[in-house]
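Asks: Got a structure for you, written out below as structure tokens; questions coming shortly.
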Amino acid sequence: MSYDLVIIGGGPGGYNCAIRAGQLGLKTAIIESRGKLGGTCLNVGCIPSKALLHASEYFEAASKTFPSMGVKITGLELDLPQMLKQKEDAVDGLTKGVEFLMRKHKVDYVKGFGAIAGVGRVEVKLIDGGSQTLETKAIVIATGSVPTPLPGVDIDEERIVTSTGALSLKQVPGKMIVIGAGVIGLELGSVWRRLGAEVTVVEFLDKITPTIDTEISTAFQRTLKKQGMKFELGHKVVGVEKASGGLLVSIEPAKGGAARTLEADVVLVAIGRKPFTEGLGIETVGVKTDQRGFIPNDHFKTNIDGIYVIGDCTTGPMLAHKAEDEGIAAAQAIAGQWGHVNYDVIPNVIYTDPEVATVGKTEEELKAAGIEYKTGKFPFMANSRARTNHETEGMVKVLEEVATKKVVGVHMVGAGVGEMIGEVCVAMEFGASAEDIARTCHAHPTMSEAIKEAAKGVDGWTMQA
Ligand code: FAD
Ligand code: NAI
């Protein structure tokens, strides 16, 4: 078979690249080894984790928040098999939807493991047996990422789990230890805490979510602690031993010191993800990787002509929407159009309750770069909708660069801020100043009025607090 474009990997990077290529008239094939399209995101990432976060948030609200709103529930109980089933239903529906989109855009879906066998040639070991060779003008590598293992900690995906096992635990653990206070640890730790587990998070560094603006991550940690999550910051796990009754987790201060043992029923290893390029045959054509295994890119091109790379297996944040935008841009570039991704405006959301949503530079980054900036802040405690909804935790912070009068960062912690960050991204794409946001009419009463008030704060005229 001969193609204009063959994409290896059917995640959000790969399948969006395929759709756009199909729209632009390129004869396209997508190869996926998992047996289902959607990649990590749809199968074992964004979608199943959000399904459990949503359901477990309702479960906790039913006992903790509903009574204060005059809603009494008796006999509330957890039906974990149903909660897991509705998660699987969401995954099934969406992965089938992606298959439909491939057919709609005339993209050939090849089920199997793809390996580059020369420039313009991809060999596929088919899931159903046998192999197939695809000839193509261009190849896009979209093979994604896998969890980073922790030396000395053997994953069995039942008691010692990565995010994949943590999405399908058959019962609520009594005690859960999460290694790594990053996005996965805090999202999935929150799920199991809400369902009844005692959750302790062990983090190597002295702060949680290390890349997030410190004022926001500090406020976020305070709220998580209030909810009952425990933290061992500045500690590392040096071993996990399987004992008959449970797991014995040895932790040590990161800076050195005496070890302690914590007991757990389940340990979740969530210390980051690494690019996946095993068996891909990149060495056969000389595609380079960096020291950490990522395939670097220059406008989505690898160092070899005709071979492109997008998503988690290349540099940049490991996020589904970043992979998607790169997929679109790469398809357009391959079709002879212009493809562009603005890496300064990629939102980052942590879907806990409250949520964290950030975009652009943090205060720490601006200080380190010597950029003069002004700050405006607004607490949800002073927002009328937040007070009405009993959702007063958190704040909005807007950062404006003095020299350009452009908003360069917005950082929020609060209920539903993941939906609110979109307006800020649009504003930043259009080069907005804080005043532009402050003078834009926002509906009342909405949580988004907090963004408007924080934006006013940049020029010192916050009105509602
Ligand atoms: P992937 O989604 O990893 O897809 C790559 C695909 O390629 C895989 O299906 C793999 O089977 C296939 N493949 C690999 N090698 C081959 C080969 N040689 N031949 C054929 N197929 C191959 N991001 C967000 O933006 N929001 C979230 O809420 C979010 N939540 C997450 C929750 C969890 C628990 C996890 C683990 C991740 C989450 N992410 C989230 C990150 C997100 O899933 C990834 O950034 C995204 O999936 C990357 O897309 P991708 O297309 O680059 O790779
Ligand atoms: P992460 O990079 O977000 O966090 C890993 C944490 O583990 C860091 O705080 C790090 O300091 C810590 N750590 C590293 N080694 C350690 C050790 N030995 N002991 C203790 N702590 C250690 O990685 P995570 O949570 O695994 O997620 C991987 C990626 O998946 C994220 O970076 C993100 O890109 C993506 N993701 C995105 C989500 C979202 O957008 N809502 C949700 C889940 C994942």
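Asks: Suppose we filter the range 300-327 for residues that are more than 8 Å from ligand 1 (Cβ to nearest atom) and among the aliphatic types (A, V, I, L, M); how many remain?
Replies: 3
Asks: Suppose we filter THR162, THR133, THR143 for residues that are within 12 Å of ligand 2 (Cβ to nearest atom) and hydroxyl-bearing (Ser, Thr, Tyr); which single one remains?
Replies: THR162
Asks: Hey, among CYS41, CYS17, which residue is surrounded by 20 or more Cβ atoms within 10 Å (Cβ to Cβ) and within 16 Å of ligand 2 (Cβ to nearest atom)? I'd like the intermediate steps shown before the answer.
Replies: Values: CYS17 fails: within 16 Å of ligand 2 (Cβ to nearest atom).
Residue meeting the stated conditions: CYS41.
Asks: Within the range 392-404, is even one residue acidic (Asp, Glu) and either part of a helix (DSSP H, G or I) or within 16 Å of ligand 2 (Cβ to nearest atom) (or both)?
Replies: no
Asks: Working only within the range 317-341, note down all residues that are within 18 Å of the chain's Cα centre (by Cα) and over 23 Å from ASN43 (Cβ atoms).
Replies: Across the range 317-341, the qualifying residue is only VAL341.
Asks: Let me confirm something: among ASP312, ASP344, which residue is among the acidic types (Asp, Glu), under 19 Å from the mean Cα position of the chain (by Cα) and under 24 Å from PHE430 (Cβ atoms)?
Replies: Being among the acidic types (Asp, Glu), under 19 Å from the mean Cα position of the chain (by Cα) and under 24 Å from PHE430 (Cβ atoms) holds for just one of ASP312, ASP344, which is ASP344.
Asks: Would you please name the residue that is surrounded by the most Cβ atoms within 10 Å (Cβ to Cβ), looking only at residues in the range 280-293 that are touching a Gly at 6+ places or on another chain (Cβ under 9 Å) and under 27 Å from VAL44 (Cα atoms)?
Replies: Only one residue tops the list, namely LEU280.
Asks: Also, quick follow-up: Which of (1) surrounded by 14 or more Cβ atoms within 10 Å (Cβ to Cβ); (2) away from ligand 2 (no atom under 16 Å from the Cβ); (3) without any contact (Cβ under 8 Å) to a residue 40 or more places away in the chain; (4) outside the structural domain of GLY9 (by TED's automatic domain parsing) does ASP265 not meet, given it meets every other one?
Replies: Among (1) surrounded by 14 or more Cβ atoms within 10 Å (Cβ to Cβ); (2) away from ligand 2 (no atom under 16 Å from the Cβ); (3) without any contact (Cβ under 8 Å) to a residue 40 or more places away in the chain; (4) outside the structural domain of GLY9 (by TED's automatic domain parsing), ASP265 violates only (3).
Asks: Any chance you could count how many residues in the range 103-135 are among the β-branched types (Val, Ile, Thr), closer than 17 Å to GLY14 by Cα, in contact with a Gly (Cβ under 8 Å, 6 or more places away or on another chain) and within 14 Å of ligand 1 (Cβ to nearest atom)?
Replies: Residues meeting the conditions: 3.
Asks: For LEU78, all conditions in the list (1) away from ligand 2 (no atom under 16 Å from the Cβ); (2) out of contact with any strand residue (DSSP E or B) (no Cβ under 8 Å at 6 or more places or on another chain); (3) in a helix (DSSP H, G or I); (4) in contact (Cβ under 8 Å) with a residue 60 or more places away in the chain hold save one; what is the number of the exception?
Replies: Failed condition: (3).
Asks: Follow-up. Go through the range 204-249 residue by residue and tally those that are hydrophobic (A, V, I, L, M, F, W, C), within 19 Å of LEU268 (Cα to Cα) and within 16 Å of ligand 1 (Cβ to nearest atom).
Replies: Residues meeting the conditions: 0.
Asks: In the range 181-218, what residues are among the aliphatic types (A, V, I, L, M) and within 6 Å of ligand 2 (Cβ to nearest atom)?
Replies: Listed by number, the residues that qualify are ALA181, VAL183, ILE184, VAL202, LEU205.
Asks: Of a type outside the set (Phe, Trp, Tyr), more than 10 Å from ligand 1 (Cβ to nearest atom), in contact with a helix residue (DSSP H, G or I) (Cβ under 7 Å, 6 or more places away or on another chain) and modelled with pLDDT under 95: is that true of GLY339 in this structure?
Replies: So GLY339 fits the description; yes.
Asks: Can you pull out the residues in the range 285-341 that are outside any loop (DSSP other than H, G, I, E, B) and over 24 Å from TYR3 (Cα atoms)?
Replies: ASP312, ALA320, HIS321, LYS322
Asks: Right, VAL240: within 12 Å of ligand 2 (Cβ to nearest atom), under 27 Å from PRO317 (Cα atoms) and not assigned by TED's automatic domain parsing to the domain that holds LYS64 or not?
Replies: no
Asks: Let me ask you something else. What is the residue count in the range 281-310 for residues that are out of contact with any Ser or Thr (no Cβ under 6 Å at 6 or more places or on another chain) and aliphatic (A, V, I, L, M)?
Replies: 5
Residue by residue, here is whether (1) without any contact (Cβ under 8 Å) to a residue 60 or more places away in the chain; (2) touching a helix residue (DSSP H, G or I) at 6+ places or on another chain (Cβ under 8 Å); (3) surrounded by fewer than 17 Cβ atoms within 10 Å (Cβ to Cβ) holds:
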residue	(1), (2), (3)
THR218	yes, no, yes
LEU224	no, yes, no
MET229	yes, yes, no
LYS236	yes, no, no
ALA254	yes, no, yes
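For (1) more than 16 Å from ligand 2 (Cβ to nearest atom); (2) touching a residue at least 40 places away in the same chain (Cβ under 8 Å); (3) basic (Lys, Arg), each residue gets a yes or a no:
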site	(1), (2), (3)
ALA323	no, yes, no
ILE334	yes, yes, no
HIS340	yes, no, no
TYR351	no, yes, no
GLU364	no, yes, no
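The values are calculated or read from the model by the stated rules, or taken from the named source; none is laboratory data. Note that this is a predicted model, so its numbers are computed, not measured. All Cβ positions, even for glycine, are placed from backbone atoms using ideal geometry, and neighbour counts span all protein chains on display.
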